[in-house]
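The values are calculated or read from the model by the stated rules, or taken from the named source; none is laboratory data. Since the model is a prediction, treat every value here as computed from it, not as a measurement. Every residue, glycine among them, receives a Cβ derived from its backbone with ideal geometry; neighbour counts consider all protein chains shown.
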């Protein structure tokens, strides 16, 4: 899988690997993201006391995009979440948005993602989870470790019922 990374690093592309985790689903959860650009690496992780796996998968993408300082880069996101990748690649989110996310889960996070999507040139690739892809494995480790912290914050969208329909 490193072939993707080496090919993309020859272009002006920033690569983001993402993963989310939740123990109990819902339960304590976290996300992890690894950002790679021209030999630089940044890792992001955060844990929440009550959330879902899908929310953390999407939150990892959002956190990665929100960490960017330049808007003129092509961004390639690798995720093992069919929920996230298919929603974007198959265009489901645009139908959800047109219908104001009626009866859809996680509208707070999808709205946040859509704002970012419109600012960046983003492409998604699905990768199989736990398939020995080093950056994806690292994201999983970051997400799980974040979910195990003792000082977890509230996932306000979930806890206030915004994220669950």
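Couple of notes before you dig in:
Rundown of residues vs (1) on the phi > 0 side of the Ramachandran plot; (2) modelled with pLDDT under 95; (3) touching a strand residue (DSSP E or B) at 6+ places or on another chain (Cβ under 9 Å), yes/no style:
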site: 2; (1), (2), (3): no, yes, no
site: 29; (1), (2), (3): no, no, yes
site: 41; (1), (2), (3): no, no, yes
site: 44; (1), (2), (3): no, no, yes
site: 47; (1), (2), (3): no, no, yes
site: 55; (1), (2), (3): no, no, yes
site: 72; (1), (2), (3): no, yes, yes
site: 78; (1), (2), (3): no, no, yes
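- Qualifying residue in region 16-24 (condition: more than 20 Å from residue 125 (Cβ to Cβ) and at pLDDT below 95): yes
- Every pair of residues 6+ apart whose Cβ atoms lie under 6 Å, when the first sits in region 20-40 and is closer than 21 Å to residue 85 by Cβ while the second is at pLDDT 95 or above and in a loop (DSSP other than H, G, I, E, B): 22/52; 25/52
- Residues in region 121-165 that are assigned to a loop (DSSP other than H, G, I, E, B), touching a helix residue (DSSP H, G or I) at 6+ places or on another chain (Cβ under 6 Å) and within 20 Å of residue 17 (Cβ to Cβ): 127 only.
- Count of region 110-131 residues which are closer than 12 Å to residue 65 by Cβ and surrounded by 14 or more Cβ atoms within 10 Å (Cβ to Cβ): 8
Listed here are the residues, each with its yes/no results for (1) assigned to a loop (DSSP other than H, G, I, E, B); (2) under 20 Å from residue 140 (Cα atoms); (3) under 9 Å from the mean Cα position of the chain (by Cα); (4) touching a residue at least 60 places away in the same chain (Cβ under 8 Å).
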{"site": "58", "(1), (2), (3), (4)": "no, yes, yes, no"}
{"site": "76", "(1), (2), (3), (4)": "no, yes, no, yes"}
{"site": "87", "(1), (2), (3), (4)": "no, no, no, no"}
{"site": "96", "(1), (2), (3), (4)": "no, no, no, no"}
{"site": "104", "(1), (2), (3), (4)": "yes, no, no, yes"}
{"site": "112", "(1), (2), (3), (4)": "no, no, no, no"}
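- Taking the criterion of being within 26 Å of residue 131 (Cβ to Cβ), outside any loop (DSSP other than H, G, I, E, B) and within 13 Å of the chain's Cα centre (by Cα), the residues of region 60-74 that qualify are 60, 61, 62, 63, 64, 65.
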